[in-house]
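Structure record follows, encoded as structure tokens.
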Amino acid sequence: MLSHIADGDIDPTRIFSGRLGQEYVGLEIECALVDPETGVSAPVYGPRSSLATLHKWAESFGHVDGTLRSDALAVRHRRGGSVSLELGGAIEYSSPPAKRVADVVAGARATMQELSTVAGSLDLALITGGLSPFTEISALQWIDKPRIALMRRHFDALGKHGNRGSHVMGLSTAIQTTLDYANPDDLSRKAYVAVGASPFLAALFVNSPIAEGKVSQSLSERMRYWESVDPRRCAFQDIVFAAGPNAGKELIDALVEQLIHTPAIYGSDHDRINNSCNCDGSDDKRTTGSVTDGSISVDQYWRLHLSQVWPQVRIRDTIELRAFDSPPWSAIGAAPALWAGLLYDSKSTEDATDLLSRFSINELAGLSGQVAREGLRATVSGSTVVVGDVARDLLNIAEDGLSRRIQGGLESESAFQLLEPIHEVVDRRRTFAEDVRDSWLGALGESPSRFVEVYRIPPM
């Protein structure tokens, strides 16, 4: 069906239209819902489950139009935004857009504490981090949706290129910031910085050193999993960085062309799987109407197709910044504050562009994998440049931008404090993951119950 785009039936400029004159901030936080004694993920269904937690929260705090269906997987909040279940039962909070970082963080904190209170009443706990740390993938219960089976079969068919697809779908938890762009020129400037900065800034947030109950060789097992998840669907970074900060509409054209040549996995929940593309990028087949069952429009199918690619920076009518592990509870405000300071201040964006333009695509290739393993100590390929040094420089640039936004009345002064947890990471040269790992092996005595007690989200 995306072939209609190439034939001119759909104007891609309308798809990537942005929101002229708006600079809103959105925030999504994923958290594992676990048994407080074993640390293992709660089942999706049953009296002590993800679904039971969601519905009990809806009764007390959510806002529902009409009667809540017994199988509803998402609930709108009375303050805006929503709470939903991830594919393996993790809880995701999606904020309404807000003009100020401090406001979106305050709303997130309030909602997550509501959810923690409800979870506690069911003898469950919400924990932050990049993974559900004690759950084995073989024991995970999945949401009963046809598209999950389609996606898992798709990843399995890719062999080594998709052998961690189910792990990402079912176990990973991340924090995502969403920002606006005004037009194609604004998009290319912001996207260039976002793509170039993501692997460096991700080092400040690595937070998944325990996987399936064992200490990992990586500081972010979540990021390592992404190395084995259909690289063709995660490889849009090169397009953005190669286009440069002044590409304008040429960037949109390049993104559309790449998407046309990336066949959809499904066209609706009842679609068959599509394995027509080789994940090494050699296949040149186009996505066509043959993969859809006709139940949705071309425009809906296009937007659905965009949800089936997973780069660190995903561009739709907003810019989705997806590179970070979910950090400790005290640091959840750092991600949106960092990105807003970097991309919502023109001087900061220019300064970051100057800093990042020294790196080539080849130098950045594989950097996320290095960061997953070594965090701040990783080095850029073929050089002696240390990731932690670049991350520190980007943090300082973002801090300057946030300061200018505060001075201009665009942010509240409290936004500045949101960066303190990652300033501490930079100053100590020690990541969240290293603290978690050493605490697990030391003071926590490798006890899942003690781990949950320390890292659970506090109730109201």
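The values are calculated or read from the model by the stated rules, or taken from the named source; none is laboratory data. Keep in mind that what you see is a predicted model, and the values were worked out from it rather than measured. Glycine also receives a Cβ, built like all others from the backbone with ideal geometry; neighbour counts cover every protein chain displayed.
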message: Just to check your reading of the model, which residue among Asn207, Asn163, Asn183 is touching a Pro at 6+ places or on another chain (Cβ under 8 Å) and of a type outside the set (A, V, I, L, M, F, W, C)?
response: Asn207
- line: Of Glu411, Glu420, the only residue that is part of a helix (DSSP H, G or I) and acidic (Asp, Glu) is Glu420
message: Tell me yes or no: at least one residue of region 444-460 is crowded, with 16+ Cβ neighbours inside 10 Å, modelled with pLDDT of 95 or more and of a type in the set (Gly, Ala, Ser).
response: no
query: Residues in region 152-168 that are modelled with pLDDT of 90 or more and over 15 Å from Met223 (Cβ atoms): how many?
result: 1
- request: Kindly list, by first and then second residue, each pair from a residue in region 150-170 that is of a type in the set (Val, Ile, Thr) to a residue that is in a loop (DSSP other than H, G, I, E, B), limited to pairs with Cβ atoms under 6 Å and residues at least 6 apart or on different chains.
  value: Val168/Val229
message: Can you list the helices (runs of 4 or more DSSP H) lying wholly within region 245-364 that have 2 or more residues being closer than 30 Å to Ala32 by Cα and either at pLDDT below 95 or in contact with a helix residue (DSSP H, G or I) (Cβ under 6 Å, 6 or more places away or on another chain) (or both)?
response: 298-306, 334-343
message: For region 399-412, check the following and say yes or no: at least one residue is free of Cβ contacts under 8 Å to residues at least 40 places away in the same chain, more than 19 Å from Ala102 (Cβ to Cβ) and surrounded by 15 or more Cβ atoms within 10 Å (Cβ to Cβ).
response: no
query: Are any of the residues in region 359-368 among the hydroxyl-bearing types (Ser, Thr, Tyr), closer than 27 Å to Glu420 by Cβ and surrounded by fewer than 19 Cβ atoms within 10 Å (Cβ to Cβ)?
result: no
message: assigned to a helix (DSSP H, G or I), small (Gly, Ala, Ser) and at positive phi: is that true of Gly375 in this structure?
response: yes
query: Considering Ser84, Ser116, Ser95, which residue is touching a strand residue (DSSP E or B) at 6+ places or on another chain (Cβ under 8 Å), of a type in the set (S, T, N, Q) and within 23 Å of Leu204 (Cβ to Cβ)?
result: Ser95
Test: Arg232 is within 15 Å of the chain's Cα centre (by Cα) and either of a type outside the set (Asp, Glu) or under 21 Å from Leu259 (Cα atoms) (or both): no
task: Give region 116-142 a look and list any residue that's crowded, with 19+ Cβ neighbours inside 10 Å and either in contact with a His (Cβ under 8 Å, 6 or more places away or on another chain) or among the aliphatic types (A, V, I, L, M) (or both), or say none.
output: Val118, Ala119, Leu124, Ala125, Leu126, Ile127, Leu131, Leu140
